[in-house]
Each structure stands twice: as structure tokens, then as C-alpha cells.
Amino acid sequence: MNLLTRLRSLSLRPVHEPELPEIARSVAIIMDGNSRWARRRRLPTAAGHRAGTRALRRTVEAAIDLGVETLSVFAFSTENWSRPPEEVELLMEIFTETIERELPDLVAQGVRVRFIGRRDRAPDDLRERMEALEDETRHNERLNLWIAFDYGGRDELVQAARRLVESGIDPREVDENALSAQLYAPDLPDPDLLIRTSGELRISNFLLWQLAYSELIFVETLWPDFGAAQLREALADYARRRRRFGGR
């Protein structure tokens, strides 16, 4: 076969498409930087928190497009109650607004919404909306959105241990499966990837049990500026990593 014939035969072969990188099916995000975003723009803190709710909506939509199956976000920690009362009251109002204004469109796109954490300290009207939203979306399957509200990783482990003791389990039967079954959300898959915005380099008591072998990515972007491009970049970074889970 002469050179010309060989080149023609090669040109007729289908071009090999490179395999898509592995997608992090379960992603967790610590949404940090709302207040700093507002201060830099000389805006009230409320403006930063409301901008953060819009960032959540576009990030969830981007997660759907990118093939993420579970998204867990840290919205309000057990320690956040120590903030000034007026800010806490404002946050409760914004959570209610988010359920009423931002989440319905996501629900229509097939998102199932569930809340993880304590509920006994939430205002009655907010708690009722949370429960109603969970009930409304229980059959949705396109993406699972877990919103950590009044959540603390240490508190979750303490409560799980307490429930184990109260169950009367034989100490010899206590293992990882027994403990994980007592967590707030036993069916929440361990995150493949944790993203924290705003440049802070810590996990701040978020999903301590579940993050044992998660890949961690810290980005400088403040949460209100986070969106599809930043999520795509984080997923691409994750895809380049090799997860060993303690092995080689």
C-alpha cells in the first residue's frame, strides 16, 4: 500500500473520542463568603446572603447539567446561632424566601430537596415549609439536594452515639455500619468531593463522618460569585486525581 492510499484509509476511520473524565457523583459545598462579598460592595449583609441564594440556584442547575447526582450544601451551622440576633433573624427570613422563590424552579426540574440537621430550634413557619418541601419533592430523582440547616458534624456524631446507647445494642455489635445507620441521613452518600469557597482552608465541622475519604478543593471565589464555571473547574480537578482510600 503506497503512502497516499494509507493516508486515505486513515482519514476514513472514525475519530476516537476521548473518554469523559470521572464525574464526582456526590458533591458537598461549604458556601462561604456572603458577608465579605457584601462588604466589598458596601452593601448590607442581607444583600450578600440573598446573592448567595441565587448562587445556590445556578449551582444546582449546573450540577444537573454536569451529571452530579447528589449535592450537599452547608447553609446554617449549629455555631451560627451565636451570630448577632438581628443577623440570625434575617437568615431565617432568607431561608423562608429561598424555599418560596428560588427552590420551586429547581423542584420543577426534578430536584429532590431534603434537610439535614436539627429542626427543633427553627421557627415554626420555616420548619413547616421545610417539611412541606421534602414531602412535595420526595418522588423527584434528577438530583438530590441536601441542605444542612442547624447542622454540626460533632453534634451529629454525639446524637448518633446517644441513639445507639438508647437502642440497647450489644457493645460488641457496634461498628461503622451501626453508627452510620444512626446519623441524621443514613442514605446520604459520602461526598466524592468537598468544595469550600472564599479561600478558607478548613471544613468547619461539616459532615465529619462522611468526608473521611473525600477529595477537598478550596477556591478563592466568594460564594455569591460561584456558578457553573467554578463547579466545572472543580469537577475537572477532581477527575485528574487518583483516589486511594488509604491504599496504594
Worksheet item: Do we have residue 56 as in a helix (DSSP H, G or I), of a type outside the set (D, E, K, R), over 21 Å from the mean Cα position of the chain (by Cα) and surrounded by 14 or more Cβ atoms within 10 Å (Cβ to Cβ) here?
Response: no
Discussion item. Just to be sure before I move on: is residue 130 touching a Pro at 6+ places or on another chain (Cβ under 9 Å) and surrounded by 13 or more Cβ atoms within 10 Å (Cβ to Cβ) in the structure I sent?
Written reply: no
Item to complete: Just need a number here: residues in the range 194-243 that are among the charged types (D, E, K, R), assigned to a helix (DSSP H, G or I), over 15 Å from residue 34 (Cβ atoms) and in contact (Cβ under 8 Å) with a residue 60 or more places away in the chain.
Response: 1
Discussion item. For the condition at pLDDT below 95, over 28 Å from residue 142 (Cα atoms), surrounded by 14 or more Cβ atoms within 10 Å (Cβ to Cβ) and among the small types (Gly, Ala, Ser), what is the one hit in 38, 46?
Written reply: 46
Practice prompt. Kindly indicate whether any position in the range 146-153 is out of contact with any Leu (no Cβ under 6 Å at 6 or more places or on another chain) and not in a strand (DSSP E or B).
Written response: yes
Item to complete: Output the number of the condition that residue 209 fails; it satisfies all remaining conditions of (1) in contact with a Leu (Cβ under 7 Å, 6 or more places away or on another chain); (2) surrounded by 20 or more Cβ atoms within 10 Å (Cβ to Cβ).
Response: (2)
Worksheet item: Any chance the range 157-178 includes a residue that's in a loop (DSSP other than H, G, I, E, B) and crowded, with 17+ Cβ neighbours inside 10 Å?
Response: no
Worksheet item: What pairs come up if the first residue lies in the range 88-115 and is at positive phi, the second is in a loop (DSSP other than H, G, I, E, B), and their beta carbons are under 8 Å apart, counting only those six or more places apart or on different chains?
Response: 110/140; 110/141; 110/142
Response to the item:
Being touching a strand residue (DSSP E or B) at 6+ places or on another chain (Cβ under 7 Å) and among the hydrophobic types (A, V, I, L, M, F, W, C) narrows 132, 160, 122 down to just 122
Worksheet item: Within the range 71-97, how many residues turn out to be surrounded by 15 or more Cβ atoms within 10 Å (Cβ to Cβ), over 16 Å from residue 151 (Cβ atoms) and touching a Ser or Thr at 6+ places or on another chain (Cβ under 8 Å)?
Response: 2
Item to complete: Considering each residue of the range 114-126, count those that are outside any strand (DSSP E or B), surrounded by fewer than 20 Cβ atoms within 10 Å (Cβ to Cβ) and within 20 Å of the chain's Cα centre (by Cα), and give that number.
Response: 2
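The rows are residues; the columns are (1) among the aliphatic types (A, V, I, L, M); (2) in contact with a His (Cβ under 8 Å, 6 or more places away or on another chain); (3) farther than 28 Å from residue 121 by Cβ.
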| position | (1), (2), (3) |
| --- | --- |
| 163 | no, no, no |
| 170 | no, no, yes |
| 185 | yes, no, no |
| 192 | no, no, yes |
| 195 | yes, no, no |
| 199 | no, no, yes |
| 206 | no, no, no |
| 221 | no, no, yes |
| 233 | no, no, yes |
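The values are calculated or read from the model by the stated rules, or taken from the named source; none is laboratory data. The structure displayed is predicted, hence computed values, not measured ones. Heads up, the Cβs are rebuilt from the backbone with ideal geometry, glycines too, and the neighbour counts pull from every protein chain shown.
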